């Protein structure tokens with residue numbers, strides 16, 4: 001697969017992921033706002049129905065001058081109110097003992113929230129929104145249910161989702177094709193460089209590239225030219241060396257031939273002649289010895305020629321009071337949405353800490369407290385000095401933890417209620433992260449909690465020397 005093809009596929013994947021994620025986020029926001037609006041409308045109509053029922057029973061009791069209406073009279077009034085309602089798919093009430101298992105669960109949620117509980121459900125070809133609340137009439141508790149048809153809302157959402165995904169796909173393909181064209185244009189010099197390198201590999205060492213285009217391609221072309229020049233120079237050197245060695249081999253053969261010829265000739269004369277005088281013998285032997293010495297010297301020179309040829313913390317003084325004020329300002333807008341209040345109090349003290357890490361620790365504690373709290377409750381962040389140490393505590397009035405959960409609270413990925421933790425965006429790492437940051441600062445982290453009464457997390461850290469000042 002060519003580079004431009006890989007770039008195209010990677011670009012297509014990246015753009016698809018980006019556009020798909022963006023579309024998903026937008027559609028999720030649209031779906032959430034639409035569902036919330038439908039839910040609010042259904043709850044408002046439901047509350048109106050409940051108020052109408054309560055008002056009718058109260059008015060009838062006052063009109064009849066009775067301390068309490070009989071059960072059949074109450075039932076008649078409630079049935080009359082239900083018949084007058086046309087904003088629901090259906091509405092009904094039941095006593096607590098007559099509820100089905102699913103209705104009991106929804107009714108239980110309504111009692112816990114002291115208001116209305118809602119449930120979206122798929123009813124075959126329809127999508128329904130059920131609202132439940134508690135009615136207390138004439139000494140009797142009733143569960144009031146109203147069901148609204150939200151099929152059209154879901155249909156519009158699915159249509160929008162399909163349209164959004166299709167547009168995202170077309171947009172991604174368009175961008176990817178545009179990038180493919182741009183990549184081909186941008187990589188054209190690279191193709192020329194590839195062709196040049198192929199030519200050089202084929203033996204055209206004199207080929208040179210024009211050093212034009214972007215700085216990167218200019219540098220690459222210059223590098224290829226330098227490489228070609230170096231290869232050409234090296235090739236020329238090798239060719240010269242080969243030619244030199246050939247000449248040397250030819251010369252060596254010639255030089256060896258001469259003494260061998262002389263030796264062979266003198267030896268042949270000694271073999272052929274029957275009578276050889278002393279002078280001749282000495283002459284022939286001298287030639288043989290001299291030529292042999294020449295060959296020995298030549299071989300010695302040939303051998304000589306052959307042998308020649310391997311997280312540190314950024315601790316600074318930090319004012320705890322100033323840090324608490326900063327955290328309060330940071331969390332205020334987020335907590336106000338749920339009616340939660342973050343109260344800060346205590347005496348100031350200076351600690352040595354990596355400010356960003358320590359702030360992350362406290363942010364996690366406050367965030368955990370907010371997740372555990374119900375709307376309208378309070379969260380306290382207080383700090384005080386004690387025996388040369390600073391005590392910083394985050395306390396809430398939330399659901400609290402039982403002994404088993406408390407024992408595993410600082411373990412990574414531990415979640416007592418996994419479905420609720422995931423729905424709140426948790427991963428079971430909050431308190432584990434806090435404990436690890438506390439260890440890095442030589443601080444102690446302790447947790448006290450009771451189910452239904454809340455949790456208090458206390459951090460004890462040594463005070464800095466006063467002369468080190470504040471941040």
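The values are calculated or read from the model by the stated rules, or taken from the named source; none is laboratory data. All values reported here derive from a predicted model rather than from experimental measurement. Quick reminder, even Gly has a Cβ in these numbers, built from the backbone with ideal geometry, and neighbours come from all protein chains shown.
Before moving on, here are some points about what is shown:
- Yes/no for residue 103 being surrounded by 15 or more Cβ atoms within 10 Å (Cβ to Cβ), at pLDDT 85 or above and touching a strand residue (DSSP E or B) at 6+ places or on another chain (Cβ under 8 Å): yes
- Verdict on residue 43 being modelled with pLDDT under 85 and on the phi < 0 side of the Ramachandran plot: no
- Hey, residue 409 surrounded by 17 or more Cβ atoms within 10 Å (Cβ to Cβ), touching a helix residue (DSSP H, G or I) at 6+ places or on another chain (Cβ under 8 Å) and more than 11 Å from residue 456 (Cα to Cα) or not: yes
- Failed item, numbered, when residue 219 is tested on (1) at pLDDT 75 or above; (2) more than 27 Å from residue 7 (Cα to Cα): (2)
- Selection within the range 372-397 - surrounded by 19 or more Cβ atoms within 10 Å (Cβ to Cβ) and in a loop (DSSP other than H, G, I, E, B): 373, 397
- Complete set of residues in the range 333-353 that are out of contact with any strand residue (DSSP E or B) (no Cβ under 7 Å at 6 or more places or on another chain) and assigned to a helix (DSSP H, G or I): 333, 334, 336
- Among the criteria (1) closer than 30 Å to residue 153 by Cβ; (2) modelled with pLDDT under 90, the one residue 56 does not fulfil is (1).
- Residue within the range 22-31 that is surrounded by 15 or more Cβ atoms within 10 Å (Cβ to Cβ) and modelled with pLDDT of 80 or more present: no
- Test for residue 129: is it farther than 30 Å from residue 68 by Cα, surrounded by 17 or more Cβ atoms within 10 Å (Cβ to Cβ) and in contact with a helix residue (DSSP H, G or I) (Cβ under 9 Å, 6 or more places away or on another chain): yes
- Residues (part of a loop (DSSP other than H, G, I, E, B), out of contact with any strand residue (DSSP E or B) (no Cβ under 7 Å at 6 or more places or on another chain) and modelled with pLDDT of 70 or more) located in the range 256-315: 273, 274, 275, 276, 277, 313, 314
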